[in-house]
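**Q** One structure, as structure tokens, below. Some questions next.
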Amino acid sequence: KDRLQSIALERVSFAYTPGEPVLREVSFTAQQGQTVALVGPTGAGKTSVLNLLQRFYDPDSGRIRINGVDLRHWDIRRLRGMTALVTQEPVLFSATLRENIFARPDQADEATVTRILQAAHCEALVQRLPLGLDTHLEKGGASLSSGERQLITIARALARDAQLILLDEATSYIDSQTEAVIHKALHNLIAGRTCVLVAHRLSTARSADRILVLHQGRVAEAGDHRQLMERRGLYWRLHRQ
Ligand code: TTP
Ligand code: MG
């Protein structure tokens with residue numbers, strides 16, 4: 001199995017439309033097990049960083065390296081195999097809940113299933129559904145709340161034991177109780193894994209090893225929470241809004 005040791009962006013610039021750059025010389029590194037949080041106003045380029053890390057696009061200049069190797073030289077299936085994406089609008093399959101979480105349900109023993117449901121805080125959801133894990137989710141989970149769908153994608157990422165977690169936190173309104181549950185599940189997912197996380201709630205960024213404040217596609221500030229608060233710059237001002 002592939003082990004992820006490091007990811008690095010080296011002066012990455014990128015435009016969807018030529019002449020309209022959305023990322024400008026963005027650099028950061030994350031070592032195995034570290035979390036990098038991206039914060040900043042809407043349109044700053046946070047999701048675009050995740051798009052490049054999945055190779056939906058390639059940088060116009062600069063490099064992205066994983067384990068020191070240029071992303072363009074990685075086999076895309078190997079890359080996808082070690083990456084789990086947890087997005088704002090999770091896509092579920094029209095299949096059973098079990099099939100949505102476990103790629104090979106027959107290979108997941110009961111102890112593993114229990115551990116993953118616990119860590120992803122999916123137990124209440126499983127109990128609520130008429131056939132539990134074997135309930136068929138219609139229309140990709142249209143009857144579930146967005147919070148519940150997020151918990152399921154967290155369980156899926158845990159089941160795959162993905163090495164690199166790319167997380168785009170929901171902007172949509174969720175009640176504070178659900179938010180707290182998602183927060184705990186995310187904590188379990190991120191622990192020990194390498195993570196690039198787009199944080200809309202500043203509380204999610206707080207414990208990251210490194211926080212980047214993006215502004216108009218540039219890294220305006222970088223540091224951990226304490227360093228950035230002491231700096232009394234953009235990050236500090238975001239907390240006062
Ligand atoms: P994003 O990278 O989507 O900005 P963001 O994730 O920081 O914003 P939000 O907090 O609202 O999620 O967009 C940066 C710019 O790139 C923005 O002007 C929109 C543009 N863009 C495209 O043109 N095509 C795309 O597919 C995406 C994702 C963004
Ligand atoms: Mg975004």
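**Q** Which of the residues belonging to segment 206-227 are more than 14 Å from ligand 1 (Cβ to nearest atom) and part of a loop (DSSP other than H, G, I, E, B)?
**A** Arg206, Ser207, Ala208, Asp209, Asp224
**Q** Shifting gears a bit: Show the residue pairs that are 6+ apart or on different chains and have beta-carbon atoms under 6 Å apart, the first residue being within segment 218-231 and over 14 Å from Val26 (Cα atoms), the second being of a type in the set (Phe, Trp, Tyr) and open to solvent by less than 90 Å² (accessible area, probe 1.4 Å).
**A** Matching pairs, first to second residue: Leu228/Tyr235; Met229/Trp236.
**Q** Looking for whichever is within 9 Å of ligand 1 (Cβ to nearest atom), hydrophobic (A, V, I, L, M, F, W, C) and surrounded by 20 or more Cβ atoms within 10 Å (Cβ to Cβ) here; the options are Ala30, Ala44. Which one fits?
**A** Ala44
**Q** Quick check on my filter: what residues within segment 168-204 are assigned to a helix (DSSP H, G or I) and within 24 Å of Met82 (Cβ to Cβ)?
**A** Answer for segment 168-204, where residues must be assigned to a helix (DSSP H, G or I) and within 24 Å of Met82 (Cβ to Cβ): Ile182, Ala185, Leu186, His187, Asn188, Leu189, Ile190, Thr204.
**Q** Another one. Does at least one position in segment 78-86 carry a residue that is at pLDDT 95 or above, over 17 Å from the mean Cα position of the chain (by Cα), surrounded by fewer than 18 Cβ atoms within 10 Å (Cβ to Cβ) and farther than 17 Å from Leu197 by Cα?
**A** no
**Q** Okay, moving on. Filtering segment 47-61 down to residues that are open to solvent by 50 Å² or more (accessible area, probe 1.4 Å) and over 15 Å from Arg11 (Cβ atoms), which residue is farthest from ligand 1 (Cβ to nearest atom)?
**A** Arg55
**Q** Going through segment 131-166 one residue at a time, which ones are open to solvent by less than 40 Å² (accessible area, probe 1.4 Å) and part of a loop (DSSP other than H, G, I, E, B)?
**A** Thr135, Leu137, Gly141, Leu144, Ala162, Gln163
**Q** For segment 38-83, how many residues meet the condition of being in contact with a Leu (Cβ under 8 Å, 6 or more places away or on another chain) and more than 16 Å from ligand 2 (Cβ to nearest atom)?
**A** Number satisfying all stated conditions: 13.
**Q** Return a yes/no flag: does segment 4-12 have any residue that is free of Cβ contacts under 8 Å to residues at least 24 places away in the same chain and either away from ligand 2 (no atom under 15 Å from the Cβ) or open to solvent by less than 50 Å² (accessible area, probe 1.4 Å) (or both).
**A** The answer is no; no qualifying residue exists.
**Q** Residue pairs, Cβ under 8 Å, 6 or more apart or interchain, first in segment 113-124 and under 16 Å from Gly192 (Cα atoms), second polar (S, T, N, Q) and open to solvent by 20 Å² or more (accessible area, probe 1.4 Å). List them.
**A** These pairs meet every condition: Ala119/Asn188; Ala120/Asn188.
The values are calculated or read from the model by the stated rules, or taken from the named source; none is laboratory data. Everything numeric here is computed off the predicted structure, so don't read it as measured data. Because the Cβ atoms are built from the backbone with ideal geometry, glycine has one as well, and the counts that use them run over all protein chains shown. To get the accessible areas, we keep the full protein, side chains included, count just its heavy atoms, and leave off ligands, DNA and RNA. Shrake-Rupley method; radii C 1.70, N 1.55, O 1.52, S 1.80 Å.
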